[in-house]
Structures are given as structure tokens and as C-alpha cells.
2 protein chains.
Amino acid sequence: MTSLAVLTYGSGTFALEALPKQPIVPLNNATSLQKVELGRQLFFETRLSVTNTVSCNSCHNVMGSGTDNRPTSFGVFGKKGGRNAPTVWNAAFLSVQFWDGRAATLEDQAKGPILNPVEMGMPSEQAAVDIINGIPEYRERFSKVFGGKNPVTYDNIAKAIAAFERTLITPESDFDRFKRGNKRAMSKEALAGMQKVEELGCTTCHTGPNFAGPAQPAGQGFYQKFPMFPGSAYDKTYNLTADLGRYNVTHMEEDKNVWRVPTWRNVALTAPYFHNGAVATLDEAVRVMGKTQLNKDLDSQTVKEIVAFLNSLTGTFINQPMPRLPQTPGTAPLLKEGL
Amino acid sequence: MTSLAVLTYGSGTFALEALPKQPIVPLNNATSLQKVELGRQLFFETRLSVTNTVSCNSCHNVMGSGTDNRPTSFGVFGKKGGRNAPTVWNAAFLSVQFWDGRAATLEDQAKGPILNPVEMGMPSEQAAVDIINGIPEYRERFSKVFGGKNPVTYDNIAKAIAAFERTLITPESDFDRFKRGNKRAMSKEALAGMQKVEELGCTTCHTGPNFAGPAQPAGQGFYQKFPMFPGSAYDKTYNLTADLGRYNVTHMEEDKNVWRVPTWRNVALTAPYFHNGAVATLDEAVRVMGKTQLNKDLDSQTVKEIVAFLNSLTGTFINQPMPRLPQTPGTAPLLKEGL
């Protein structure tokens with residue numbers, strides 16, 4: 001079953017919303033300070049990659065925009081992925097994960113890159129568990145957080161990482177302060193841009209607290225065809241149609257070139273843009289969207305105002321402690337030649 | 001001129017010392033909180049690599065042992081370096097940098113990997129400066145820290161990184177607390193190991209506050225031949241002689257297989273060992289050193305005691321804030337195909 005949203009552009013059905021202060025926490029992964037700390041360690045844990053060089057943070061850099069600001073990412077052995085790394089900031093507010101929505105939750109998502117041969121490249125879930133379970137301080141931490149006889153499991157690794165990711169939210173953007181009552185929080189230009197995105201119909205899809213669609217249950221994605229109006233020069237210039245997107249998950253004809261609607265929050269910081277990272281600047285991304293999704297050639301004033309509005313969605317990033325990664329005295333994995 | 005130390009083993013000339021609370025700061029790079037913060041940002045700055053993927057921290061992970069715990073490191077494009085990454089912790093107490101001593105100061109050292117094609121791979125100093133200078137918040141920070149009309153220079157990038165690195169010290173090991181008067185800080189086994197390393201003569205070289213030679217002026221290195229007694233089975237097993245070490249810097253015959261004496265501080269955490277990272281465990285590294293440097297086959301009790309002593313040199317690591325990396329809204333370097 002596809003979840004392609006069929007909507008009339010410009011319907012204005014959904015209102016723009018401030019970001020909630022907290023995301024919904026799933027019942028099977030209650031949060032705690034200790035779990036978040038463990039997750040932060042694991043997020044920076046290069047030992048979860050086969051070469052001991054790549055961590056979650058390598059491509060989703062939380063010291064910056066939660067991306068690597070590359071078109072596509074490098075994984076182990078200099079291998080390159082095929083899609084632009086989406087930001088981890090506010091991913092907790094998305095109802096599906098990955099560009100093609102192939103994971104329903106942050107927990108499911110976290111399990112993917114560790115095993116992906118062009119990302120972290122671990123040979124198996126068990127290999128990842130063995131590495132973490134072989135580090136005494138991790139065993140203690142997992143035991144305190146999860147309890148049970150064998151607390152270091154692949155599920156629990158993913159749960160801790162997801163609990164950490166749910167702390168990566170940026171509610172204090174100019175837009176949020178405006179929506180919460182500070183009428184001077186946004187510039188005139190940004191306010192004009194806000195009006196434009198509603199009039200033009202951008203917010204038919206870029207709606208909800210994360211500007212990535214209305215709030216939905218986990219696993220229920222909000223997707224859209226891109227380009228909706230194929231055939232513009234942009235298709236070729238930026239190679240927009242080669243990757244079939246959600247079709248690769250569902251193999252259903254109507255899912256060809258269908259993608260999860262990406263968030264607008266902090267979008268000014270997550271260049272380059274689109275699933276293949278082919279567009280370097282935000283103003284060009286706005287022009288491309290106008291043409292490919294609305295079949296409109298946006299004038300430069302409109303683009304400027306929309307970019308000002310999108311900049312008003314840049315949030316305040318939390319201060320975090322640098323994690324200390326548990327060490328195993330006296331030994332290191334002696335990596336095989338080539339690893 | 002070589003600086004090979006010619007010493008009689010077992011002479012016991014130098015006393016073991018606690019680590020000073022602060023390293024010496026060079027006159028031309030006075031420290032400040034703002035400079036240290038800037039240096040911490042730059043230390044984690046992947047934009048100083050040609051692919052935007054590798055930072056100083058990639059190989060000198062300060063969340064852990066200040067190394068990557070790999071035999072040798074991966075740089076950009078999956079390229080591999082030839083030598084084991086030395087720890088950045090307490091590097092401020094070394095009088096020369098790199099395994100072969102080819103940099104006199106932390107400032108000089110910091111300039112190397114950014115341009116090294118198998119590390120961060122930037123094409124030129126100017127290219128690195130242009131990247132940093134193109135980020136508005138960095139320009140402001142450099143201006144505040146260094147002043148002047150063009151504060152973002154390659155020298156100043158290196159100075160900020162070096163100022164940060166001088167904060168990476170671990171004075172509170174069991175050994176330091178013992179030397180400062182807490183006679184119960186070290187275990188009996190560690191104390192026995194301390195006696196052994198002095199009796200055997202290990203501390204002829206592994207002396208001084210960093211157990212890497214006596215304090216010397218910057219640029220005056222403390223080197224030793226390794227193996228001192230060539231011909232043991234270890235030479236072949238661990239391929240100890242292929243890399244000629246300091247000879248590659250000086251091209252002087254007597255510098256063949258000569259290396260800077262590495263620190264013992266936190267050595268229990270920096271496996272694998274030696275310039276090529278060929279030895280996976282600390283106990284084996286102790287056996288190798290006994291044979292290659294002293295021509296002695298150490299018995300298992302002696303190895304155990306020395307390892308206990310070396311573990312007593314594991315310090316307390318400072319808590320640090322996670323840096324926020326300055327962002328450039330609306331744009332990213334659109335990396336060329338392959339980059």
C-alpha cells in the first residue's frame with residue numbers, strides 16, 4: 001500500500017505550527033537521562049563500523065546541521081552512498097525515516113547504516129553487539145539502562161541511539177517565537193515569505209510541526225512525487241529522476257520518483273539539497289521546487305522572501321557535553337589488512 | 001644534526017615525575033578561553049578536509065584515547081596512512097611532534113595533516129584558509145582572538161588548534177596521585193611494576209613528566225633506535241624495520257629505524273602499538289620492548305607488573321562541551337564529482 005498523499009495544492013487545509021517542546025516517546029522505549037547519555041556515546045561510536053572510522057555522527061554531524069553538508073556521504077573504505085544524508089535534528093518529529101520512508105521509527109532507522117556496506121559496513125548485527133559487549137563499561141551501562149541478563153542487544157543499541165536522537169530538537173526558531181506570541185520575532189521579509197509559501201501552496205505538503213507533513217502515526221508516511229511536473233530543464237540539470245525513490249521499497253508503479261516530504265526546519269543549514277544533493281544553494285532549491293512541484297517560475301523577489309522565511313526556521317541548538325567513549329585497557333581490535 | 005640520545009641503559013639518571021598541571025605555552029601563542037574554543041571547533045572541523053569528511057578528531061579522537069585505535073589511519077577517499085596515529089592527549093608535553101619528530105611544535109604539527117594527501121588532502125594552505133574565511137562566524141571569531149586585518153591565516157588556524165591541544169592533559173593518574181603524596185593511590189602490582197621498569201632500564205628513555213624523555217626545548221627531540229637489538233623473531237612478526245623512521249627526515253645513516261620515544265601516559269588506552277600499530281595488546285608490546293630494546297625475555301610475572309604500572313598512568317580526562325560548528329546559511333560547497 002502506498003501512502004502517497006493526494007492533496008489539492010493551495011487548499012490551505014493545514015495550519016503552520018510551532019514545534020512542540022518534546023516529541024512523542026514510544027511506549028517501548030521510555031527515555032531516561034542514562035539512556036540518552038548511552039545513546040550519545042553510541043551515536044559517536046566509530047567502533048560500530050567495520051573499520052573503526054565511521055559513526056552515526058560522521059554523516060549526521062550534530063555539531064553542525066545534523067548532516068555532512070555533502071551531496072552524498074562517504075562510508076567505510078571511501079565508499080559513497082547514493083543519497084543526501086537527511087538531518088537528524090527534529091527527525092523525532094517525522095513519522096517515517098529515510099528519504100524513501102523504509103523505516104517506521106528512529107529505532108528502526110538506527111539499525112540500517114551500521115550494516116549498510118557503503119556506510120558503516122558491519123558484517124552482521126551480532127558483530128556489532130559483540131564489539132559493544134566486549135567493552136566492560138558499555139556492558140555496565142546497558143545493564144543499568146535496560147536490565148536483564150544480556151542487555152547488550154542490537155535492539156537496545158538502536159533504542160539508546162533513538163532516545164538520544166529524541167533530544168535533538170530545535171524549538172526556538174524565529175518562527176516558533178513568532179507563533180508563540182512574539183510578533184517581532186520574524187522580519188518583514190520572512191513574514192512576506194510565509195504568506196507566499198501559503199499562497200503558492202508549498203505548505204500543502206510542508207505543513208505540520210516539522211513542515212514535513214501533518215502529524216501521523218509512526219510508519220504512516222507523508223510522501224509526494226518529485227518532480228510533480230516532470231520535463232523542466234531542472235530534471236536534467238540536477239538529474240532529478242534517475243533515483244526512483246519509494247518505488248525501490250514498494251515496487252509499485254505509482255511510487256516511482258516518490259519521496260518522503262523533507263523537513264523545512266534548519267533547511268538553511270542543510271545544503272546541498274534534494275535526495276541526491278545536487279543543488280548547492282537554498283535559493284536555487286526554492287526555484288527548482290517552484291518549477292517542479294507547482295509548475296511556476298518564481299520571480300527573484302518571491303524567492304528572496306521564501307528564503308528569508310526558511311531562514312526563520314533555523315532553530316537554537318542545544319548545548320551538549322562531549323561524550324567520553326568507554327575504553328578497553330590494554331587491547332584494541334587488530335584490524336585485518338585492508339580493514 | 002641528529003638528536004639521538006646516547007644513554008646507558010639502567011643508568012637511572014632521570015627520576016619519574018608527576019605530570020605538571022599545565023604545559024609550557026609558547027610566547028607567540030598566548031592562550032585564552034576564546035582561542036581554546038576556536039581551536040576545539042577547528043579540531044572537529046571536517047571542512048578542513050577536501051571531501052568535508054575528515055577532521056583532526058577523526059584520527060585523534062578526544063572522546064577516547066586521542067587516537068583512532070587503528071593500526072594506521074584512514075584519510076580522505078579511504079586512503080591509508082603508513083603510521084599509527086599518536087595520542088593527542090599530553091602531546092603538549094612532547095618537545096617534538098610526529099613519530100619521526102619532523103615538527104618542533106604543536107603549531108607546526110597541526111599544519112601537516114590538513115595538506116597530507118592521505119589524511120585531509122587539502123590542495124593548499126590557501127584552500128584551507130579560503131574555506132574557513134568563507135564562514136562568517138569563523139571570521140568574527142578569528143578577529144576577536146587574533147585581531148588584525150586578515151585574521152584567518154594558516155598560521156592562526158594552527159595556533160588555535162595548538163592552544164586547544166594544550167588543554168588536553170591528564171594529570172590525575174594513579175601514578176600522579178601517588179607522586180603527589182597519596183601512597184595508597186597505586187596497587188602493589190603497579191608499584192612492583194614501577195620498580196621493574198626502573199631496574200630493567202625502561203625508564204632510561206621513558207622518563208620525564210610524559211615518560212617520553214626528559215623535558216627539552218621545543219624542537220630538541222628525544223629519539224631512540226627501535227629495535228635496538230635487531231634480529232629477534234619480533235622484527236619479522238611485526239614488520240618492525242621496514243619503515244626507516246627519522247632517517248626519512250634527516251637522511252642520515254645513524255637515523256635509520258630511529259623514532260621519537262613515545263609517551264607512556266594513557267598507553268593502556270592507545271592500542272595497537274608501535275609506529276606501525278602492528279601489536280594488538282599491551283602485554284605483547286611490553287614483551288616486544290623487553291626483547292628489542294633490552295635483549296631480555298621478560299617473564300610473565302614481570303610483564304603483568306609492568307602492565308599494571310602502565311595502567312596506573314591512565315589519567316582522568318577532562319569534561320568538555322561539544323563544540324558548535326559555525327554554519328553558512330543557504331549554501332554548501334558543491335563538491336565536485338568524486339570529492
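The values are calculated or read from the model by the stated rules, or taken from the named source; none is laboratory data. No experiment lies behind these values; they were computed from the predicted model shown. Counting neighbours? That spans all protein chains shown, and the Cβs are built from the backbone with ideal geometry, glycine included. The area values use the complete protein model at the heavy-atom level, side chains included, leaving out ligands, DNA and RNA. Shrake-Rupley method; radii C 1.70, N 1.55, O 1.52, S 1.80 Å.
For this structure, a couple of remarks:
- Residue check for A:Lys291: touching an Asp or Glu at 6+ places or on another chain (Cβ under 9 Å) and more than 11 Å from chain B (Cβ to nearest Cβ): yes
Results for (1) over 30 Å from B:Ala308 (Cβ atoms); (2) touching a Phe, Trp or Tyr at 6+ places or on another chain (Cβ under 9 Å); (3) open to solvent by less than 20 Å² (accessible area, probe 1.4 Å); (4) in a helix (DSSP H, G or I), shown as yes or no for each residue.
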residue: B:Gly112; (1), (2), (3), (4): yes, yes, no, yes
residue: B:Met122; (1), (2), (3), (4): yes, no, yes, no
residue: B:Gln126; (1), (2), (3), (4): yes, yes, no, yes
residue: B:Lys144; (1), (2), (3), (4): yes, no, no, yes
residue: B:Val152; (1), (2), (3), (4): yes, yes, yes, no
residue: B:Lys159; (1), (2), (3), (4): yes, yes, no, yes
residue: B:Thr170; (1), (2), (3), (4): no, yes, yes, no
residue: B:Phe178; (1), (2), (3), (4): no, no, no, yes
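- Only one of the listed residues (A:Ala18, A:Ala92) is away from chain B (no Cβ under 14 Å), part of a helix (DSSP H, G or I) and open to solvent by less than 40 Å² (accessible area, probe 1.4 Å). That residue is A:Ala92.
- Among the residues of region B:28-82, those that are under 18 Å from B:Asn276 (Cβ atoms) and not in a loop (DSSP other than H, G, I, E, B) comprise B:Cys59, B:Phe74, B:Lys80.
- Restricting region B:48-77 to residues that are more than 15 Å from the chain's Cα centre (by Cα) and facing chain A (nearest Cβ under 8 Å), the residue that is surrounded by the fewest Cβ atoms within 10 Å (Cβ to Cβ): B:Phe77
- Test: residue in region B:78-86 that is within 14 Å of chain A (Cβ to nearest Cβ), in contact with a strand residue (DSSP E or B) (Cβ under 7 Å, 6 or more places away or on another chain) and surrounded by fewer than 24 Cβ atoms within 10 Å (Cβ to Cβ): yes
- Residue in region B:227-244 that is touching a helix residue (DSSP H, G or I) at 6+ places or on another chain (Cβ under 8 Å), open to solvent by less than 10 Å² (accessible area, probe 1.4 Å) and of a type in the set (A, V, I, L, M) present: yes
- Residue in region A:327-337 that is acidic (Asp, Glu), within 14 Å of chain B (Cβ to nearest Cβ) and without any contact (Cβ under 8 Å) to a residue 60 or more places away in the chain present: yes
- Any hit, region B:97-107, residues being at pLDDT 95 or above, among the acidic types (Asp, Glu), farther than 18 Å from B:Thr270 by Cβ and surrounded by fewer than 23 Cβ atoms within 10 Å (Cβ to Cβ): no
- Between B:Gly134, B:Gly148, B:Gly193, B:Gly201, the distinction of being more than 21 Å from the chain's Cα centre (by Cα), open to solvent by less than 50 Å² (accessible area, probe 1.4 Å) and closer than 30 Å to B:Met322 by Cβ belongs to B:Gly134 only.
- When residues in region B:308-334 are screened for being open to solvent by less than 30 Å² (accessible area, probe 1.4 Å) and more than 30 Å from A:Leu282 (Cβ to Cβ), 7 of them pass.
- Region B:164-184, residues that are in contact (Cβ under 8 Å) with a residue 12 or more places away in the chain and small (Gly, Ala, Ser): B:Ser173
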